[in-house]
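Visitor: This is the structure I want to talk about, given as structure tokens.
What follows draws every value from the coordinates through simple rules; no lab data is involved. Here the structure is a predicted model, which is why all the values come from computation and not from measurement. With ideal geometry, Cβ positions are generated from the backbone for all residues, glycine too; neighbour counts draw on all protein chains shown.
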Amino acid sequence: MHELTINLHMHTTYSDGSGTHADLARAAIKSGLDAILVSDHNIWVQGLESYHRNGKQRVLLLVGEEVHDQGRDPQKNHLLVFGAERELATLADDPQALIDAVRQAGGVSFIAHPVDPELPAFNETDISWEDWRVSGYTGIELWNGFSELKMVIKDKLDGLFYAYYPEFIARGPHPKALRIWDNLLTSGRRVVAVGGSDAHASKMRMGPLRKTIFPYEFHFSTVNTHLLVPQPLTGDLLADRKMIYTALAAGHAFIGYDLPAPTRGFRFSAQGKEKSALMGDELPAEGGVTLQVKAPKRADLRLLKDGKVLKAVEGELITHITTEPGVYRVEAYLRFLGRKRGWIFSNPIYVR
């Protein structure tokens, strides 16, 4: 399998971002990404999907949208939509109808920032996902790089500090988001986890100070989604787009916080009696299953079963043999800038 590093959930001047699609592509090339998935608010921008190049480097730019009901206050229930190839914002007031329409169109959908608390110091309201009765969505945005800011800021002085030193922000997915995901998984659902940057490159003004808050290039070096695909990108837009969306739908992916150390090369796999499995795959418990974890460098590695830590090591490898059905996934943590921070969060292997 070949590994692609992609970044999803970002905004341009078509909604509340400060850059154009070309600006995002240039930043992505500088950051070494393979693809970016743009998702402006309630608008599917047609005709801009393409490869962007700078010398021998290139990045694939794909376009979806972030759909939410603008008539609602506060505007909760944001859904990231990719691959539907049609405008679906007219269904924003009915999340289930929206999700159904995405599936019917052959697209993928992810619940955006499922836990996004209020930030009173900056008059930001709680825009967490609320309607958990829905079904049929592909997955959830487990780690949102921009929303995480609300977890660490207490006042405007904090905000000023993190605006200038954003590398101190990231801790990992919100603990409540992890609990929600584990509850969904243990209830029998297949729910793909992705990491999103939610990049805006917003312009800040505080008195005489002017600052771009978290430039696109910074976001693209932090919380990324890594995909395992059958082959490298070919340069054929339609074929490569299909390959990326197929991998996302299958959950052949992990979330990597690439700022402390590159996460490329992480693998979580399983070997059963008759077949093997990647992240996102399912295989029978009968006859035993060997789970294998390989990290790119030494880390606090944790193998979880049904949301609980089954094995933890300080190292690069975990091997575990089981005959017990369950949902198995991996978390990895590194020390960076004075504290232990989330580094890698895998999608599950389902042992039935």
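Visitor: Quick check for the range 2-257: number of Lys pairs with alpha-carbon distance under 23 Å, counting only pairs 8 or more apart or on different chains?
Guide: Taking the Cα cut-off of 23 Å, the pair count is 15.
Visitor: Using 1/(1 + (r/R0)^6) with R0 = 35 angstrom and r between the beta carbons of A285 and R179, what's the FRET efficiency to the nearest 0.05? Working shown, then result.
Guide: Working: r = 25 Å, r/R0 = 0.71.
Between A285 and R179 the formula returns 0.90.
Visitor: State the extension gain, in nm to one decimal, for the chain segment bounded by K297 and F168, taking 0.36 nm per residue of separation less the distance between their alpha-carbons. Please list the in-between numbers first.
Guide: On the way: separation 129, 0.36 × 129 = 46.44 nm, distance 2.12 nm.
This chain segment gains 44.3 nm when fully extended.
Visitor: Which lysines have a Cα less than 17 Å from the Cα of K340, not counting those fewer than 8 places away in the same chain?
Guide: Here the lysines satisfying the reach criterion relative to K340 are K297.
Visitor: Over the range 2-257, what is the relative contact order in percent, taking alpha-carbon pairs closer than 8 angstrom and at least six residues apart? Don't skip to the end; give the middle numbers.
Guide: Working: 555 pairs, mean separation 53.7, N = 256.
This gives 21 percent for the range 2-257.
Visitor: Return the loop-located chymotrypsin sites (Phe, Trp or Tyr not before Pro) in the range 277-347 (DSSP other than H, G, I, E, B) with at most 13 other Cβ atoms within 10 Å of their own Cβ; answer none if there are none.
Guide: Values: sites: Y328, Y333, F336, W343, F345; in loops: none.
Here no chymotrypsin sites (Phe, Trp or Tyr not before Pro) fit, given the DSSP loop and packing criteria.
Visitor: Lysines near K275 by alpha-carbon distance under 24 Å, same-chain residues fewer than 8 away left out - which ones?
Guide: Output for K275: K294, K305, K311.
Visitor: While we're looking at this one, here's another question. Shape call for the range 216-352 from the C-alpha gyration tensor, a ≥ b ≥ c root eigenvalues: rounded (a/c under 1.5), prolate (a/b greater than b/c) or oblate?
Guide: oblate
Visitor: Could you tell me which label, among (i) 0.98; (ii) 1.03; (iii) 0.95, carries the value of Rg/Rh (Cα atoms, Kirkwood Rh) calculated for this structure?
Guide: Of the listed options (i) 0.98; (ii) 1.03; (iii) 0.95, (iii) comes from this structure.
Visitor: What FRET efficiency would be calculated for the residue pair M151, N54, taking the C-beta separation as r and a Förster radius of 30 Å, to the nearest 0.05? List each step's numbers first, then the result.
Guide: Numbers: r = 35 Å, r/R0 = 1.17.
According to the calculation, E is roughly 0.30.
Visitor: Once you have the Cα-Cα distance between E274 and R339, take 0.36 nm times their residue separation minus that, and quote the gain in nm to one decimal. List each step's numbers first, then the result.
Guide: Numbers: separation 65, 0.36 × 65 = 23.40 nm, distance 4.25 nm.
Additional length available on full extension: 19.1 nm.
Visitor: Packing-wise, with mean Cβ within 10 Å as the measure, how do 309-322, 280-293, 61-74, 184-197 rank, highest first?
Guide: Numbers: 309-322: 13.7, 280-293: 17.2, 61-74: 18.8, 184-197: 20.5.
Ranking, from highest mean packing down: 184-197, 61-74, 280-293, 309-322.
Visitor: Within the set of other residues whose C-beta is less than 11 Å from the C-beta of F336, count the net charge using Lys and Arg as +1 and Asp and Glu as -1. Numbers along the way, then the final one.
Guide: Working: positive: R171, R335, R339, K340, R341; negative: E167.
Overall, the nearby charge balance is +4.
Visitor: Per the helix-only calculation at 222 nm, which mean residue ellipticity applies to the chain, given -39500 (n - 2.57) for every DSSP H run of n ≥ 4 and division by its residues, nearest 500 deg cm²/dmol? Let's see the in-between values first.
Guide: On the way: 7 runs with 64 residues, N = 352.
After summing the helix terms and dividing by residue count, I get -5000 deg cm²/dmol.
Visitor: Rounded, prolate or oblate, given the Cα gyration tensor of the range 33-173, with a/c below 1.5 counting as rounded? It would help to have the intermediate numbers written out before the result.
Guide: Working: a/c = 2.16, a/b = 1.17, b/c = 1.84.
Note, shape of the range 33-173 comes out oblate.
Visitor: Highest mean first, how do 163-169, 225-231 rank when packing is the count of other Cβ atoms within 10 Å averaged over residues? Each step should come with its number before you reach the end.
Guide: On the way: 163-169: 15.0, 225-231: 20.0.
My ranking of the peptides, most packed first, is 225-231, 163-169.
Visitor: Full-extension gain between R103 and L160, please, as 0.36 nm times their residue separation minus the C-alpha to C-alpha distance.
Guide: On the way: separation 57, 0.36 × 57 = 20.52 nm, distance 4.19 nm.
Contour length minus Cα-Cα distance gives 16.3 nm.
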